Amino acid sequence: MLNMKFVRQFPDQVRKALSDRKSDLHLDAFLIMEESRRVLLQEVESLKSSRNQASGEVAKRKRSGEDAAELLAELSGLSDQIKKLDAQLKELDQKVQEWLMSVPNLPHESVPVGQSDADNPVVRTWGQPGIPGFPPLEHWEIGQRLQGLDFERAAKISGARFALAYGWAARLERALINFMLELHGKEHGYLETLPPFIVNRDSLLGTGQLPKFATDLFKLEDWEYFLIPTAEVPLTNIHRAEFLSEKILPLAYMAYTPCFRSEAGSYGKDTKGLIRQHQFNKVELVRIVHPETSYDQLELLLGHAEKVLQLLELPYRVVTLCTGDLGFASAKTYDIEVWLPGQNAYREISSCSNFEDFQARRADIRFKPASGGRGAFVHTLNGSGLAVGRTLVAVMENYQQKDGSLVIPKILRPFLGGAKRVQLDGTMT
């Protein structure tokens, strides 16, 4: 959420940011409404002051035995007027708050201006995209041929956009989860966390999924609870409404969780395979940091996510999201896109974002400077470290062999009892 004082003081900057982000919000209409709210607030406060003075005078007259009927009538009129204006003020307060909650974050000055993902510049590439000496299969073909993925029975159990994994595919996904948690915990210093997979409305408001993305969430019927769309939500909200000591920053949390998304706006996209599912596994990284270091922390977070792909020896590239492709709450985002030979394309496997104080302001997460002075909002960051299903896709497509078998990446073999290959009959040897 943006600072209201900033919006009033720098309307041109906010107006440009809304335009660059292709937002249809109208700042000028909002500023008129907000000015009306402030004028009304001053009027109400003035009337309440007059009422307090009149109440004091009534009490004084009653103590001295004087007639206070005229003042009592005036007091009654003031109270009626205040009640009416208070109702108007409450309505305006709600509208102002709703507008602020619907405004996307301001892009950092280093974010390129652009219209869509076609305008995202490539920062760097790692590894050489493999071109096998045979027509590569896409991951769902590999998974079905090796008897590891079953989409038909998953649809029978649940519906479209679900997957059922057997044997080697289930074990390989579990190995990826364990590998990522071990890497980020032991080498990158994240505290492993097992958060609730169901969160309340305040948690989703804090990280920005509500109110804007309500249709992408799975809500529990007759409860004000939601299935998490990402572990970013519970991890960031660990410190909601807390005042932290500066000396404990930065905080670094990680969690493996299933994630649940309705993907309401993506029908017709990636309907085959594991790329866009209603339920998927992810290892998430969240950092809560000092504002002065948050962009250094973003680069650090990005490096942690990249390390997973480097150890798996999967080619990838890093792109910076332009203003037109930037997520609602983000001030700057890097996407990591892994190479998929079966699709002959790079596909997103992680987004690493700095939200600055946007989430912290909504979730009321502050810190007290060690040197004294006023408290300030922390900066929050998060990134996938990585999306497990998409990593499984990348492993399957990059490690497929001409004979139809699948080689297991070296870094994963200790998590699979030393197995090196998935054979044509689905066994691991």
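The values are calculated or read from the model by the stated rules, or taken from the named source; none is laboratory data. Quantities reported herein were computed from a predicted structural model and do not represent experimental measurements. No Cβ is skipped: glycine too gets one built from the backbone with ideal geometry, and neighbour counts run over all protein chains shown. Surface areas here come from the heavy atoms of the whole protein model, side chains and all, with no ligands, DNA or RNA. Shrake-Rupley method; radii C 1.70, N 1.55, O 1.52, S 1.80 Å.
Values for this structure:
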quantity	calculated
Estimated distance in nm for a label pair at residue 224 and residue 126, the labels positioned 7 Å out from Cα along Cα-to-Cβ	4.3
Length-normalised contact order of segment 340-389 in % [C-alpha pairs under 8 Å, at least 6 apart]	42
Over segment 91-184 - Rg/Rh using Cα atoms and the Kirkwood inverse-distance radius	1.17
Rounded percent of accessible protein surface that carbon and sulfur make up, the chain, 1.4 Å probe	50
Estimated Rh, segment 176-284: Kirkwood, alpha-carbon pairs, angstrom	15.3
Computed P(r) (all Cα pairs; segment 210-262; 10 Å bins; percent)	19, 44, 26, 11, 0
Computed label-point distance, nm, for sites residue 101 and residue 42 using a 7 Å Cα→Cβ extension	2.9
Convex hull volume of the chain per residue (C-alpha atoms, cubic angstrom)	176
Accessible surface, per residue, of the chain when the full set of protein chains is kept, probe 1.4 Å, Å²	49
Most fluctuating residue given options 86, 222, 357, as computed from a GNM of the chain linking Cα atoms under 10 Å	222
Dipole of the chain, positive end: most advanced residue of 1, 294, 176 [Cβ charges, Cα centre]	176
In segment 118-178, GluC sites (Glu not before Pro) in a DSSP loop with at most 10 other beta-carbon atoms within 10 Å	none
Whole-angstrom Cα spans of segment 80-139 along principal axes, big to small	84, 31, 18
Cα-Cα over 26 Å, subset of 282/410; 219/307; 22/90; 219/282	219/307; 22/90
Debye-sum result for segment 1-148 in log10 I(q)/I(0), which assumes one identical scatterer on each alpha carbon, at q = 0.18 Å⁻¹	-1.06
Prolate/oblate/rounded label for segment 274-372 (Cα gyration tensor, a/c 1.5)	prolate
Value of Rg/Rh across segment 11-94 [Cα atoms, Kirkwood radius]	1.31
Two-decimal log10 I(q)/I(0) for segment 276-317, as the Debye equation yields it once each C-alpha is a single scatterer, q = 0.16, 0.23, 0.29, 0.30 Å⁻¹	-0.59, -0.89, -1.00, -1.02
Top positive-direction residue, dipole computed over segment 368-429 with Cβ charges, set 401, 391, 381	381
Distance between segment 355-411 and segment 285-305 - C-alpha centres, whole angstrom	10
Dipole magnitude of the chain, debye to nearest 20 (Cβ charges: Lys/Arg +1, Asp/Glu -1, about Cα centre)	680
Kirkwood-based Rg to Rh ratio, segment 20-65, C-alpha trace	1.48
Cleavage-rule hits, trypsin sites (Lys or Arg not before Pro), segment 1-80, DSSP coil, Cβ neighbours within 10 Å at most 14	22
